[in-house]
Amino acid sequence: MKRSASRRVVITGMGVVSPLGCTVDLFWHLLSRGESAVKPITSFDTSPFQACLAAEVQDFDPEDFLHRKQARRMGRATQFAVASAMMAARDSGIDLEHEDRAAIGISIGTSIGGLKEAFDFHDAARQTAYGRVNPFTMGMTFPNAISSEVAIVLGLHGPCETYSIGCSSTANAIGRAYEWIKSGQSAIVVAGGTEAPLHQSIYAAMDAGRALAPDGRGTIRNLPRPFDKTRCGMVLGEGAGCFILEEYEHARARGAKMYAELEGWGFTCDAHSMIKPAADGHEQRRAAALALSTAHWFPEEVDYVNACGLGTMELDALETETLKQVLGDHAYRVPVSSFKAALGHAFAASGAFQVIGTAKAMEHQFIPPTLNLTTPDPTCDLDYVSGRGRSVHLDRALINSFGFGGKNIVLALSRVDVGVAGTAPMAATQSHHMSHLVGVS
C-alpha cells in the first residue's frame, strides 16, 4: 500500500467507555486529576483468588445508545465499541448523510472479543444439557462481530476489519487506518479498540498465571505501580475507545475540530515468547525508531512519551531502557507517564485510552500523572510524572503499546498546527542513528 506524503491523517472525533467515565470530558477530568478507578470487583465472586481488584466500567447502559433488542444480541465488548464509535462520530460533526458511506472504513482492535460471552454460554448450555443455547451465540462471540456491528449501526460500507494481535490490537487498528488514509483508500476511518475481560474464568486464568498484582484480598489498594521499585504485577480493566481518523484536507474543508495528527507508526514482533518480552529489547527499539522515521521526527523533538507502563518488574525496566536507547540523553528530559494505575490494563482498550489521554494532554498542555509511584527504582530512572500531573509544552508524543506475544507498536502523535514542521529531512547523523536502530544499513 503506497503512502502519499501529501495526505495527512488527523483525529476529528473521539468517544470513550471507560472505568473513569463514559464521556471524553469526564474521562479527561478524572484522569488529569489523578483519580484511580481500581477497586474490588463487584461483577463476580473473587473469593477463590489471590487478587480481587480491577477497574470496572460502572456507569454504562447500552440502552442509552441501542434499542434493547440490539443490545441483547451484542457482547459487552461489542456494546462498548458501538457506543464509543457513535460518540466519536457525533463528536466529529460528520454528516454521514452527505458522505460516501462506501468510502468510510472501520478498523477495530480487540484481544479476546466475546470470550466473556463464550464462557457464559458454555456454562449455561452445560447446565441445560445443551437444550437451551442462545441463538445469538456466534454473533456475540466472534471478534469480527465488533466491527460488523459498528458498520451496521452507522450504516458504513467501506473496508471493515477487526484486528486481534493482543494488547497492541488498538494501536494496530489505528495504524492500519492511517495506512488506508495515506494511500487514498479512505478519507475517513472509524478506528479504535474494545475489551471486556472481566469474567471469573478469565480472571482465574490470569490469577493462576501470577500475572495479577497480589492485593491482600483488597487490603492493598495502591496498585498497580508502574515503574515503582515495589511493582508486582498488573490489574485488569475494561472499556473501549473509538476515533474518527480523517484526511486533513477533507477535515479542513468541512471546518472540523482536529484533536491531533497521526504522523507515523512502527510495528515489530519479538518472535520470542507468548508471555515474556525479548530481554534485549531490540524489537521495541525498532518499533520506536520506525515511528520516528515515518513521522520524520528528530528524537529531540519528542515532548512526551505515553508509556505502556504495565507495572511488572521486567516490562517496565525494559521499556525504560528502550527509551534511553532510542532517545539518547533526551530520554532524561522527556516526561513519561502511564495510565495503567488509573485504568488498569484493559488489554486492547488500553491503547484507545492512551491515545485519547495523549490527545487531550496536547489540547490542554497538561500531562496526567503516573499514580502509585512512591519508591524510586534505580533501573527505572526517567521522569515518570509521579503523583501529580504537570503543565508542559507538548507538541509531539510517542505512544507505546507492547503486547503479549511480543507485538510492539509505537504511534507518533502531534498537535495539528505543528504537523507540517516534522516533515523536514533528518540530518545525516540522526538519519544514521535511526537507520541503526531499525536495522537498515
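Here are some notes:
- If you check Val392, Val410, Val355 for being among the β-branched types (Val, Ile, Thr) and over 30 Å from Gly113 (Cα atoms), only one passes: Val392.
- Unmet criterion (only one of (1) touching a helix residue (DSSP H, G or I) at 6+ places or on another chain (Cβ under 9 Å); (2) under 16 Å from Ser350 (Cα atoms)) for Tyr304: (2)
- Enumeration of residues in the stretch 88-100 that are under 15 Å from Ile152 (Cα atoms) and in contact (Cβ under 8 Å) with a residue 12 or more places away in the chain: Ala89, Leu96
- Given (1) surrounded by 18 or more Cβ atoms within 10 Å (Cβ to Cβ); (2) out of contact with any Leu (no Cβ under 9 Å at 6 or more places or on another chain), index of the condition Pro135 fails: (1)
One line per residue, one yes/no per condition, for (1) surrounded by fewer than 24 Cβ atoms within 10 Å (Cβ to Cβ); (2) in contact with a strand residue (DSSP E or B) (Cβ under 7 Å, 6 or more places away or on another chain):
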residue: Glu363; (1), (2): yes, no
residue: Leu394; (1), (2): yes, yes
residue: Ala397; (1), (2): no, yes
residue: Ser401; (1), (2): no, yes
residue: Gly406; (1), (2): yes, yes
residue: Leu413; (1), (2): no, yes
residue: Val416; (1), (2): yes, yes
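- Restricting Leu30, Leu53 to residues that are of a type in the set (A, V, I, L, M) and more than 27 Å from Ala191 (Cα to Cα) narrows the list to Leu53.
- Selection count, the stretch 184-217, where residues are of a type in the set (A, V, I, L, M, F, W, C) and either within 14 Å of the chain's Cα centre (by Cα) or in a helix (DSSP H, G or I) (or both): 7
- Here Ser6 meets the list (1) within 26 Å of Ala173 (Cα to Cα); (2) touching a residue at least 12 places away in the same chain (Cβ under 8 Å); (3) more than 24 Å from the chain's Cα centre (by Cα) almost entirely, failing just condition (2).
- Test set (1) small (Gly, Ala, Ser); (2) in a helix (DSSP H, G or I); (3) modelled with pLDDT under 95 - Gly131 fails condition number: (2)
- Count of the stretch 277-315 residues which are within 23 Å of Ala352 (Cα to Cα), among the charged types (D, E, K, R) and in contact with an Asp or Glu (Cβ under 8 Å, 6 or more places away or on another chain): 2
- Checklist (1) surrounded by fewer than 23 Cβ atoms within 10 Å (Cβ to Cβ); (2) of a type outside the set (Phe, Trp, Tyr); (3) not in a helix (DSSP H, G or I) applied to Leu26, failing item: (3)
- Meets criteria (touching a residue at least 24 places away in the same chain (Cβ under 8 Å), surrounded by fewer than 23 Cβ atoms within 10 Å (Cβ to Cβ) and of a type in the set (A, V, I, L, M)) for Ala187: yes
- Residue match in the stretch 71-80 (condition: in a loop (DSSP other than H, G, I, E, B) and within 30 Å of Gly216 (Cα to Cα)): no
- For the stretch 29-70, filtered to residues that are among the polar types (S, T, N, Q) and either in a strand (DSSP E or B) or over 21 Å from the mean Cα position of the chain (by Cα) (or both), the residue that is nearest to Arg388 (Cα to Cα) is Thr42.
- The stretch 253-284, subset touching a strand residue (DSSP E or B) at 6+ places or on another chain (Cβ under 9 Å) and assigned to a helix (DSSP H, G or I), residue nearest to Ser92 (Cα to Cα): Gln284
- Index of the failed condition, Ala253 passing every other in (1) closer than 30 Å to Thr78 by Cα; (2) without any contact (Cβ under 8 Å) to a residue 40 or more places away in the chain; (3) among the aliphatic types (A, V, I, L, M): (1)
- Cβ-Cβ contacts under 7 Å between residues 6 or more apart (or on different chains), taken from a first residue in the stretch 273-293 that is free of Cβ contacts under 8 Å to residues at least 60 places away in the same chain and under 27 Å from Glu179 (Cβ atoms) to a second residue that is among the β-branched types (Val, Ile, Thr) and assigned to a helix (DSSP H, G or I), are listed as Gly281/Thr322.
- The single residue among Asp64, Asp59, Asp95 that is surrounded by fewer than 15 Cβ atoms within 10 Å (Cβ to Cβ), among the charged types (D, E, K, R) and farther than 20 Å from Gly241 by Cα turns out to be Asp95.
- Of the candidates Lys2, Lys39, the single residue that is in contact with a Lys or Arg (Cβ under 9 Å, 6 or more places away or on another chain) and over 29 Å from Arg176 (Cβ atoms) is Lys39.
- Of all residues making up the stretch 14-38, the number that are touching a residue at least 60 places away in the same chain (Cβ under 8 Å) and of a type in the set (D, E, K, R): 2
- Yes/no for Ile181 being more than 18 Å from the chain's Cα centre (by Cα) and at pLDDT 95 or above: yes
- Of the residues making up the stretch 406-441, those that are in a loop (DSSP other than H, G, I, E, B) and at pLDDT below 95 are Ala424, Pro425, Met426, Ala427, Gly439, Val440, Ser441.
- When the residues of the stretch 266-298 are filtered to those that are charged (D, E, K, R) and under 15 Å from Leu398 (Cβ atoms), the one that is surrounded by the fewest Cβ atoms within 10 Å (Cβ to Cβ) is Arg286.
The values are calculated or read from the model by the stated rules, or taken from the named source; none is laboratory data. What you see is a predicted model, and the numbers here were worked out from it, not measured in a lab. FYI the Cβ positions are ideal-geometry reconstructions off the backbone, even for glycines, and counts take in every protein chain you see.
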